1. List residues of the stretch A:1-40, by number, whose backbone nitrogen lies under 15 Å from a label position 7 Å along Cα→C-beta of A:E221.
2. Under unit Cβ charges (Lys, Arg +1; Asp, Glu -1), what dipole magnitude, rounded to 20 debye, does the stretch A:155-208 have relative to its Cα centre?
3. Looking at the stretch B:198-278, which chymotrypsin sites (Phe, Trp or Tyr not before Pro) are DSSP coil and have at most 15 other C-beta atoms within 10 Å of their C-beta?
4. Given Cβ point charges of +1 (Lys, Arg) and -1 (Asp, Glu) and nothing else, what value in debye, to the nearest 20, does the dipole of the stretch B:4-277 about its Cα centre take?
5. Enter the mean number of other protein chain beta carbons within 10 Å of the beta carbon of each residue in A:3-14, as an integer.
6. So if each residue of separation counts as 0.36 nm, and I subtract the Cα-Cα distance between B:L70 and B:E104, what length gain in nm does that give?
7. Karplus couplings for the stretch B:88-105 from phi (6.51 cos²θ - 1.76 cosθ + 1.60, θ = phi - 60°), rounded to Hz, Gly and Pro as x?
8. Is the C-alpha gyration tensor of chain B telling us rounded, prolate or oblate? Criteria: a/c under 1.5 is rounded; beyond that, a/b larger than b/c is prolate, otherwise oblate.
Amino acid sequence: MILPKINVKRVTEVIVKRLKWYVFDYAKMRSGIVGVSGGIDSAVTAFLTARALGVENTYCYLLPSDATPQEDLEDALSVIRSIGLPDSNWEIIHIGKIIETFKKALGEMTRKEIGNIMARTRMIILHQRAARNKGLVIGTGDKSELLIGYFTKFGDGGVDLLPIGGLYKTHVRQLAEYLGVQRRIIEKPPSPRLWPGQTAEGEIGLSYEIIDDILYLRFEEWVPEDEIASILKVRKEDVEKIIGMVKRTQHKRLPPEVFHISFRDIGSDWRYPRQWF
Amino acid sequence: MMNKYRIALAQIHSYLGNVELNFKKHISYIERAREKGAKIIVFPELSLTGYLLKDLAYEVSRKCEEKIELLKDYSKDICVIIGVVEEYRIGIYRNSMAVLCDGELKGYIPKLYLPNYGLFEEGRYYQEGDVKSIKVFSYEGLNFGIVVCEDAWHPEPIELLARMGADVVFIAASSPLRGLYGTDETSIEKIWESINVTRAIENTIFIGFVNRVGVEDEEYFWGGSMFVLPDGKIAVRALKMEEDLLIADIDYHILRKARRFSSFKVFRRDLNMRLGEL
């Protein structure tokens, strides 16, 4: 791969310090809430959250649907065990019944529509548990997913902060090794599990090794789109596809557009820092 | 002139826009530096306000002025150098360092090169300082100058200070951490070390680099303040990623010795004139 490896020790230090500061000092909250799926992103996020806030201030929720394989549930439970969360700090909430209620109320839906409802249902549950535990919802999205828009707006995208949002998927694998995440989780093909058999790389049509190199070359190294295919020895259409996904999903990474009317509206001329004391 | 002179570099985490809280932190660091016998304490760039102020930059200067008034009392037996937003003229702001000695405000040193690339957008908010604002201060026998962050990335501000008589130049910085790739230090840390060492050697002066530390919005300032001797050796280093008060002793003998083995005293006016014509 062309993408350089990360300095895992330093990255861990930075993320842990920032998480601690953001939750306790800035937001003045008491805990971090993580939805643990059995996948690599949520495993790494849960490990980091527990390290930053302490196991007593980390709450993990397993939110399986009818599309969740047993293997994922087992892997999610192994994450909970590895972290050493007290029993009071984790829960399994099956969302199958909630989804059935939606189906009855809303009529026939495509699998994508149902998938988005699942992601948003999980978001609602995590925020409710966050309110109960005076916590923030710690997002699990990585940089690759965020850039290509491979997430549900207001679903898994509906979080308070994204501690691993600066790490490409292949970086998350590297970090997972360092943190001691179970090998089965690291090697499992990434999937949002919104329907049976769904895998991210199958759906996108490219491996994350290729996706990450394309994203890195285009956006960190500023290599023109037409040169990337020859550097990586991949098809030009594949590069166009990934860059096209980034462009089309820009709206998912930004707050909703506000139409400017007055002299100063929310948007480009509303330049206040997030940490506005 | 005494042979040793102690200075302090205050590597602090400032709260963005919260001048009140930052002021309290400044006081505590000044007290600590005084207890350790330092004659000068230098804070990082925009230490009283935080760095990534964005539109808050327009509204913190008055509070800075109030705190500077209060800090005069704390500067009676120690020289205090702090980072502020200065309202230079009505509605015209500068990213400056305020110098307080002997209970008085001795002046402001504005940043000359305002970065406007990547995450930086200083040109939107601040006016760049002019060459007349470059000056050398003298406190209890030590001649020193100050530059702000980006000014050290260009050779001429520090060279000018050195030729005007500064034996020490303090670089007040707000450098965020980027590119955590590889197993070694990041490129920004290596670049800063190279700059500090180079400026010390090329001008045969001491360099006191004081960087911010901690979180501001998306950024994390890495700290790593250092004191570099005129021969390029790094005498002391502060912690990385944590607040720290770095104490350094200036030994004039080291300076004297370094200048006997340096070509800094040679100044090619013709080369500099040619540069000025380009």
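1. The answer is A:1-6.
2. Rounded to the nearest 20 debye, it is 200 debye.
3. Filter output for the stretch B:198-278: B:F261, B:F267.
4. The dipole of the stretch B:4-277 has a size of about 1100 debye.
5. Neighbouring Cβ atoms belonging to other protein chains average 4 per residue here.
6. Length gained between B:L70 and B:E104: 11.2 nm.
7. With coefficients 6.51, -1.76 and 1.60, one gets 5, 9, 4, x, 10, 10, 10, 8, 10, 10, 9, 10, 10, 9, 6, x, 10, 7 Hz.
8. rounded
Every number here is computed from the coordinates shown, using simple stated rules; none is lab data. In this text, all values refer to a predicted model and were calculated from it rather than measured experimentally. Heads up, the Cβs are rebuilt from the backbone with ideal geometry, glycines too, and the neighbour counts pull from every protein chain shown.
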